[in-house]
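Asker: Once you've had a glance at the structure underneath, I'll fire off some questions.
The values are calculated or read from the model by the stated rules, or taken from the named source; none is laboratory data. All of these numbers come straight from a predicted model, not from anything done at the bench. Positions of Cβ are backbone-derived with ideal geometry, glycine not excepted, and every protein chain shown enters the neighbour counts. The accessibility values were calculated without ligands, DNA or RNA, using every heavy atom of the protein model including side chains. Shrake-Rupley method; radii C 1.70, N 1.55, O 1.52, S 1.80 Å.
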Amino acid sequence: MALIPINMKDGSIEKEREVIVGIDLGTTNSLVAYMKDDRAVCVKGDDGKSTLVPSVVHFTPGGDVIVGDVARDKLVTDPANTIYSVKRLMGKSYKDVKDLQGFFGYTILDDDTESLVKIRVKDRFYTPVELSAHILRELKTRIQTELDTTISKAVITVPAYFNDNQRQATRDAGKLAGLDVLRIVNEPTAAALAYGIGLDPSQSETIAVFDLGGGTFDISILQIHDGIFEVLATNGDTFLGGDDFDHAILSFFCKQLKIDEKILTEEKSLGQSLRLQAETAKKKLSETDIYEGSVDGQMVRINRNEFENLIRSHIRRMLDCCRQALSDAKKTVAQIDKVVMVGGSTRVPLVKRSVADFFHKPVYDNLDPDEVVALGAAIQADILAGNRKELLLLDVTPLSLGIETVGGLMDTIIARNSKVPTKAGRQYTTSVDGQKNLKVAVYQGERDLVEHNRKLGEFILRGIPPMPAGLPKIDIQFIINADGILTVRARELRSGIEQQIDIRPTYGIDEEAMAKMLLDSIAHAQEDMRIRAVLEARNEANNLLLAGDKFLQQNDAILSEEEKNTTKALLTALLEATKTEDKDVIHRAIETLNNYTTPLAHRAMDKTILTAMKGKAVV
Ligand code: ADP
Ligand code: MG
């Protein structure tokens, strides 16, 4: 039961201070933190051991979902049903991650389209948002057990380089986990806050945040003035981190044991024990000068000097990124006031030393580098909760603003809680050949379907020159000025035609109605996301049906009767699938059709290229 504070003077029950939690949703590990007696602390699991929750989701044969340490153990024994590094997929399309398939032990649908990625586990399809929601639910349970109360509000951190889609996906994951995400905060900003940097609005400074995690490296240069954190530049490497250190040690051990590293792809359990030994050795070498262990009864050993030689080239790459970030930020080393260390791998002494040498100053490393981002998120949450009166909160948009897209879906352009004034935009196109007019309907609210949100206004962009569907480039800009007036501007970029309207978004909506809209959005998050997934799958299927018909017409000559008939049958099956309410049925039909037609499409393409070359060859 939660504690109820009673005012002893008049016996009244004091309104409970609301707890808003801070969450670091990491690639390798995630954490949740809150303010305990005016100090930010991270929450440990039931076992009281660690504040880290490995960001790994495992689907058991019985259909249960497990997150964290136990799930991580399944990476070796059941890789196809164990999802890790899902953060790398957030807000990404198939095209974006095509080259990464080899990196993952699980199946990413390799559908070469613009739509968002899905992950296949047995015969179900999951979005990165759903998978991240599982991790967030685990963190939510953790904090709820700790505080013995329901938690519904959170601040979640993301890398500074995350784009609009990736931030929105993170918000959606929070919503799906039953959390009202008050703000998405940049990880380097949170790290700075954890050290108290930026809490005094009268101070101006420029800082560098060096974040070396398990698989990723980020360097950010931030300018802080009047309590505003501005990202001047970011740089890094999305495939450089502690895992590379482990791998270097693993190779070193292999040489020591005279094992050919290549056999490890077959000898999985030997590979796993070597990997575990390598990570243990690395961590040990952050404290001591030598590590000795044993693998299958044979001794392995490495000293700190040998380890440092193994990772020197990696560190050189990191410093190159730092140099580039400084140059992009137009700053010199001397202009950097503070350097903050983040991420488990910054415990490696050579990393610390090299960074301090590079920036010519001691680094901030008093706080636990695993926890610092979550701790800062909890401080940001505390500021939002209004518990720090001395800190002024900038005006923010109370509800998200967006437009209606195909299928009645809400496409958020300015997320709620964005600072005002603000400006954001996105490009759209037409869905029908020769379309001349485009309706731009503006909505306010958090639900996935516009019918559940509040309509603010609409206008029609007329006079688009006739073009095939998908060719016009329509840029839609949302601009909110300091008075809170929203201007929506649509412009077709090829022809330059333009339309705009001004709206006062909060007009006529009171606090209570606003709170209800927010609560509704969370209560319906599951159902909304299910409907959204079905609508998106249907849109994708419809595009494929059109493309399929075109393909059959254009390649009539090079396809056999059997190929034509099978393709037609698969198209019909897909059409039938679109009539169901089950996204997995639609995705399976899409996948079957794609698998069958991809080789045919390649053949058609070769043929076209061949014809084109023949044409050129006639000299
Ligand atoms: P992410 O931000 O990617 O979720 P973390 O910040 O949690 O990652 O960092 C995880 C990495 O930190 C792992 O590679 C882990 O081996 C490494 N690490 C943790 N503790 C130590 C240590 N004492 N010495 C060296 N590396 C460490
Ligand atoms: Mg991290």
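Asker: Which ³J(HN,Hα) values in Hz, rounded to whole numbers, follow from the phi angles of segment 375-388 under the Karplus curve 6.51 cos²θ - 1.76 cosθ + 1.60, where θ = phi - 60° and Gly and Pro get x?
Answerer: 4, x, 5, 5, 5, 4, 5, 5, 5, 5, 6, x, 7, 10
Asker: Shifting gears a bit: Pull out a ≥ b ≥ c, the square roots of the eigenvalues of the alpha-carbon gyration tensor of the chain, then state rounded if a/c is under 1.5, prolate if not and a/b is larger than b/c, and oblate in the remaining case. Can you show the working numbers first?
Answerer: Values: a/c = 1.61, a/b = 1.13, b/c = 1.43.
Oblate.
Asker: Would you mind calculating the gained length between ASP64 and SER50 on full extension (0.36 nm times residue separation, minus the Cα-Cα distance), in nm to one decimal?
Answerer: Values: separation 14, 0.36 × 14 = 5.04 nm, distance 2.34 nm.
Contour length minus the Cα-Cα distance gives 2.7 nm.
Asker: Rank by packing, highest mean first: peptides 524-533, 26-35, with packing defined as the count of other Cβ atoms within 10 Å averaged across residues. If you can, show how the numbers build up before the last one.
Answerer: Working: 524-533: 18.5, 26-35: 25.0.
Ranking the peptides 524-533, 26-35 by packing returns 26-35, 524-533.
Asker: Pull up all non-local amide H partners of ARG416: gap of 5 or more, or a different chain, and H-to-H distance under 5 Å with H placed in the peptide plane.
Answerer: SER400, LEU401
Asker: Would you please state the base-10 log of I(q)/I(0) at q = 0.13, 0.15, 0.18, 0.20 1/Å for segment 178-313, with intensities from the Debye formula using one equal scatterer on every alpha carbon?
Answerer: -0.71, -0.81, -0.96, -1.08
Asker: Apply 1/(1 + (r/R0)^6) to the Cβ-Cβ distance of HIS360 and GLU18, taking R0 = 41 Å, and write down the FRET efficiency to the nearest 0.05.
Answerer: Working: r = 44 Å, r/R0 = 1.07.
Efficiency for this residue pair is about 0.40.
Asker: Could you tell me the relative contact order of the chain? Use alpha-carbon pairs under 8 Å, at least six residues apart, and round to a whole percent.
Answerer: Details: 1107 pairs, mean separation 65.8, N = 619.
Relative contact order of the chain: 11 percent.
Asker: Here's another thing I want to ask about it. Under 5 Å between amide H atoms, partner at least 5 residues away or on a different chain: which partners does ILE497 have, H built in plane at 1.01 Å?
Answerer: Amide H to amide H, under 5 Å and 5 or more residues apart or across chains, ILE497 pairs with GLU492.
Asker: Now for a separate question. Give me the 1.4 Å probe accessible area per residue for the chain, excluding ligands and nucleic acids, in Å². Walk me through the numbers before you get to the answer.
Answerer: Details: 30480 Å² over 619 residues.
Normalised by residue count, the accessible surface of the chain is 49 Å².
Asker: I need the phi-derived Karplus couplings for segment 131-140: 6.51 cos²θ - 1.76 cosθ + 1.60, θ = phi - 60°, integer Hz, Gly and Pro marked x.
Answerer: Computed from phi, the couplings for segment 131-140 are 5, 5, 4, 4, 5, 5, 4, 4, 5, 5 Hz.
Asker: So if I average 1/r over every pair of distinct C-alpha atoms in segment 132-240 and take the inverse, what Kirkwood radius in Å does that give?
Answerer: Working: mean 1/r = 0.0654 Å⁻¹.
One over the average 1/r among Cα pairs gives 15.3 Å for segment 132-240.
Asker: A further question follows. Tell me what the chain gives for mean residue ellipticity at 222 nm when only DSSP H runs of n ≥ 4 count, each as -39,500 (n - 2.57), the sum divided by the residue total, rounded to 500 deg cm²/dmol.
Answerer: Details: 14 runs with 233 residues, N = 619.
Counting only the DSSP helices, I get -12500 deg cm²/dmol.
Asker: Out of residues 5 or more away from VAL56 or on other chains, whose amide H comes under 5 Å of its own, with H placed 1.01 Å from N in the peptide plane?
Answerer: Here GLY68 satisfy the definition.
Asker: Okay, next question. Past 28 Å, Cα to Cα, is the threshold; run LYS87/LYS583; LYS262/LYS282; LYS361/LYS419; LYS95/LYS607; LYS98/LYS262 against it and keep the listed order. Present the calculation step by step, with values, prior to reporting the outcome.
Answerer: On the way: LYS87/LYS583 23 Å; LYS262/LYS282 22 Å; LYS361/LYS419 34 Å; LYS95/LYS607 24 Å; LYS98/LYS262 25 Å.
From the list (LYS87/LYS583; LYS262/LYS282; LYS361/LYS419; LYS95/LYS607; LYS98/LYS262), the Cα-Cα distance tops 28 Å for LYS361/LYS419.
Asker: How would you classify segment 21-191 from its alpha-carbon gyration tensor, with a ≥ b ≥ c the square roots of the eigenvalues: rounded for a/c under 1.5, else prolate if a/b is greater than b/c, otherwise oblate? Write out the running numbers ahead of the final one.
Answerer: Details: a/c = 2.04, a/b = 1.37, b/c = 1.49.
It comes out oblate by the Cα gyration axes.
Asker: Taking a 1.4 Å probe, which of PHE162, PHE239 shows the most accessible area, and what order do the others take after it? Walk me through the numbers before you get to the answer.
Answerer: Numbers: PHE162 15, PHE239 75 Å².
These residues rank, largest area first, as PHE239, PHE162.
Asker: What shape does segment 295-339 take by its C-alpha gyration tensor, where a ≥ b ≥ c are the square roots of the eigenvalues and a/c under 1.5 counts as rounded, a/b above b/c as prolate, and the rest as oblate? Write out the running numbers ahead of the final one.
Answerer: Working: a/c = 4.66, a/b = 3.52, b/c = 1.32.
Taking the square roots of the gyration eigenvalues as a ≥ b ≥ c, segment 295-339 is prolate.
Asker: From the phi angles alone, apply the Karplus equation (6.51, -1.76, 1.60; θ = phi - 60°) to segment 424-434 and give each ³J(HN,Hα) in whole Hz, x where the residue is Gly or Pro.
Answerer: Each residue of segment 424-434 in turn: 8, x, 7, 9, 10, 9, 8, 10, 10, 4, x Hz.
Asker: Along Cα→Cβ, 7 Å out, is where each label goes; now give me the distance between the ones at ASN163 and LYS550 in nm to one decimal.
Answerer: 2.3
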